[in-house]
Amino acid sequence: MLITNETPATLGYRMPAEWEPHEATWLSWPHKEASWPGRFEPIPAVFVELTKLLTDSEFVRINVADEEFAERVCQLLKAGGVNLDRVRFHLNPTDDAWCRDHGPIYVVRDHNGKRERAINDWGYNAWGGKYLPCDNDDVVPTRIAQEMGEVLFQPSIVMEGGSIDVNGLGTLLTTEACLLNPNRNPQLNRQQIEQYLKDYLGVTNILWLGDGIVGDDTDGHVDDLTRFVSADTVVTVIEDDPQDENYEPLKENYERLLAMKDQDGQPLRVITMPMPGVRYIDDQRVPMSYANFYIANKAILVPTYRHANDAKACEILQSLFPNRKVIGMDCWDLIWGLGSIHCVTQQMPAVS
């Protein structure tokens, strides 16, 4: 591991788009029952299914606490018919399973004819101190950099992977509700936060949406709202029911997108997707959204919620990714943890 005080941007690194080639996908195996209070029992089986779907596209790297934990997970995967040749275990204890937010945020550069990879280890405080302790999660990227011998950058601010989305060419999407929330980086203003994004992710053009969806305990992560699906195209979720709490904030975000430009000053192509209705568990509304899909090498894994709009969301994404197979994955149980497929995955870019 090489720790450098230079910034990724000055060394020619950038955050790649999710559709660029992966070496693997990172998962952190679930073990915290309090994240799915009273409903944890089906969650390991959900991760077995997710792992099986991912191994058809790429390697899966799984964070586990120790060798005994790894063996238990290995037996679950074996029983689920997972190709274990495509799975690697890594002894990185975690506090929770949300690898999108505590996992390594990679940047890449093309140098001397080869693609090189490095890791950003942002600060992590469990979405503004909501679910402490998070000490194990906070050091996962550094532990991975040590094990894998990766170059490590250490931005001195709090940032989560689900709060940003990039097109790989210089444009980044985020939300005011999350990145400007005083429970993250109260010492920084918008301009200062933008400079960190530019310095550590190699972006030049930052686009701000407003509020997130109801029930999202991350304070409005963008991966429940709007996602890049190509360099010039985004999909964004829209609520059709004017009486629904999500109607106005999603409408406002859509209107903002229509006025936004990419890094070259060109307007974005904006595609809308429906929402999957409303669901309460124990009097709490859960943040169901089709925007929380994951782009693997060969597939698009789309959360489904036993709703009539499931098929429509999959059809829209299939039209946008003709060379990948769109697979709907039932997230009826997973969403009780207030996150879905994208929230538990983190891509590891391929290098040459």
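The values are calculated or read from the model by the stated rules, or taken from the named source; none is laboratory data. Computed from a predicted model, the values in this text were never measured in an experiment. So basically every Cβ, Gly included, is an ideal-geometry build from the backbone, and we count neighbours across all protein chains shown.
Things to note:
- Search result, residues across region 54-85 that are closer than 24 Å to residue 139 by Cβ, assigned to a loop (DSSP other than H, G, I, E, B) and of a type in the set (A, V, I, L, M, F, W, C): 65
- Region 232-250 residues that are at pLDDT 95 or above, paired with ones that are part of a helix (DSSP H, G or I) and among the aromatic types (Phe, Trp, Tyr) (beta carbon under 7 Å, 6 or more apart): 236/254; 238/254; 239/247; 241/247
- Which numbered condition residue 174 fails, given (1) assigned to a helix (DSSP H, G or I); (2) within 18 Å of the chain's Cα centre (by Cα); (3) polar (S, T, N, Q): (1)
- Flag for residue 71 being surrounded by fewer than 22 Cβ atoms within 10 Å (Cβ to Cβ) and touching a Leu at 6+ places or on another chain (Cβ under 9 Å): no
- Some residue of region 231-240 being over 16 Å from residue 174 (Cα atoms) and either among the β-branched types (Val, Ile, Thr) or crowded, with 22+ Cβ neighbours inside 10 Å (or both): yes
- Filtering region 58-68 to residues that are of a type outside the set (D, E, K, R) and surrounded by 20 or more Cβ atoms within 10 Å (Cβ to Cβ) leaves 60, 62, 63, 64.
- Yes/no for residue 316 being closer than 17 Å to residue 230 by Cα, without any contact (Cβ under 8 Å) to a residue 60 or more places away in the chain, among the β-branched types (Val, Ile, Thr) and not in a loop (DSSP other than H, G, I, E, B): no
- Condition met for residue 283 (among the charged types (D, E, K, R) and on the phi < 0 side of the Ramachandran plot): no
- Given (1) at pLDDT below 95; (2) touching a Phe, Trp or Tyr at 6+ places or on another chain (Cβ under 6 Å), index of the condition residue 73 fails: (1)
- Residue 175 vs. criteria of a type in the set (Ser, Thr, Tyr) and more than 19 Å from residue 338 (Cβ to Cβ): no
- All conditions but one from (1) surrounded by fewer than 24 Cβ atoms within 10 Å (Cβ to Cβ); (2) touching a strand residue (DSSP E or B) at 6+ places or on another chain (Cβ under 7 Å); (3) among the aliphatic types (A, V, I, L, M) apply to residue 132; the one that does not is (2).
- Considered as a group, the residues in region 197-227 that are closer than 12 Å to residue 163 by Cβ and part of a helix (DSSP H, G or I) include one that is nearest to the chain's Cα centre (by Cα), and that residue is 223.
Conditions (1) in contact (Cβ under 8 Å) with a residue 12 or more places away in the chain; (2) more than 17 Å from residue 107 (Cα to Cα), marked per residue:
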site: 164; (1), (2): yes, no
site: 172; (1), (2): yes, no
site: 192; (1), (2): no, yes
site: 199; (1), (2): yes, no
site: 213; (1), (2): yes, yes
site: 216; (1), (2): yes, yes
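- Residue 75 fulfils the conditions (1) polar (S, T, N, Q); (2) free of Cβ contacts under 8 Å to residues at least 12 places away in the same chain; (3) closer than 22 Å to residue 303 by Cβ except for a single criterion, (3).
- For region 1-31, a tally of residues being modelled with pLDDT of 95 or more and assigned to a loop (DSSP other than H, G, I, E, B) returns 14.
- Residues in region 264-294 that are crowded, with 16+ Cβ neighbours inside 10 Å, in contact with a Leu (Cβ under 9 Å, 6 or more places away or on another chain) and outside any strand (DSSP E or B): 268, 275, 286, 287, 289, 290, 291, 293.
- Members of region 297-352 that are more than 22 Å from residue 47 (Cβ to Cβ) and of a type in the set (Val, Ile, Thr): 316, 351
- Odd one out for residue 203, checked against (1) more than 18 Å from residue 178 (Cα to Cα); (2) surrounded by fewer than 22 Cβ atoms within 10 Å (Cβ to Cβ): (2)
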